[in-house]
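Structure, as structure tokens:
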Amino acid sequence: MYNASIDDIISTHKKTVYNIALSHTRNRHDADDVFQEVFMVCFKKNPSFMSEEHCKAWLIRTTLNLSKKTALSSWRRRTTSLSGAPELSYEFSTPEENAVRTALRELPGKYRTVLYLFYFEQYKTEEIGKLTGTSTGNVRVRLNRARALMREKLKGDYFYE
């Protein structure tokens, strides 16, 4: 049985939860809200975890669900875009990292999720399938399509064809 305090869980998994939330909500304010809500749910429910990996999987699944809930909320559907307002975004240290981050943000959610879990969290396709509730084959298809979309978005700058 994995016994860790909520403080330990937060300090261990905060980067993963925040990056997934940011990837799906596409803005820092909503990502902050999702981040906070994920750990509030964890604190209130106080689930028992078998291992640290089980805890991480639970947090990822909860983050995905809450991000989806935020994106589909009735409040969000009733708001209008402030197209003239400047966008607050995180800047990386190199232009290449910024270009990859921008291209990743433009992908549909199902592709962002598998790319993030595969490349940044180092999950195998079987594990991603369990986390997202899809088959391993579907995860592989999504990975291939996501790679193709990223290649297309970054073609002029980083890929020569």
Q) What number of residues within segment 103-119 satisfy the criterion of being assigned to a helix (DSSP H, G or I) and free of Cβ contacts under 8 Å to residues at least 12 places away in the same chain? A) 1
Q) Among the residues of segment 47-102 satisfying the criterion of being farther than 19 Å from Tyr123 by Cα, part of a helix (DSSP H, G or I) and small (Gly, Ala, Ser), which is modelled with the lowest pLDDT? A) Ser74
Q. Inside segment 128-144, can you point out the residues that are surrounded by fewer than 17 Cβ atoms within 10 Å (Cβ to Cβ) and under 14 Å from Thr62 (Cα atoms)?
A. Lys130, Gly133
Q) Out of (1) among the aromatic types (Phe, Trp, Tyr); (2) surrounded by 19 or more Cβ atoms within 10 Å (Cβ to Cβ); (3) under 12 Å from the mean Cα position of the chain (by Cα), the odd one out for Tyr123 is which? A) (3)
Q. Residues in segment 13-34: is at least one outside the structural domain of Asn138 (by TED's automatic domain parsing), outside any helix (DSSP H, G or I), among the hydroxyl-bearing types (Ser, Thr, Tyr) and at pLDDT 90 or above?
A. no
Q: Specify the residue that is surrounded by the most Cβ atoms within 10 Å (Cβ to Cβ); the eligible residues are those in segment 37-68 that are more than 18 Å from the chain's Cα centre (by Cα) and of a type in the set (Phe, Trp, Tyr).
A: Phe49
**Q.** Among (1) under 18 Å from the mean Cα position of the chain (by Cα); (2) more than 30 Å from Thr102 (Cα to Cα), the one test that Asn27 misses
**A.** (2)
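The values are calculated or read from the model by the stated rules, or taken from the named source; none is laboratory data. Since we're looking at a predicted model, the values are computed, not measured. Positions of Cβ are generated from backbone atoms using ideal geometry, with glycine treated the same way; all protein chains shown enter the neighbour counts.
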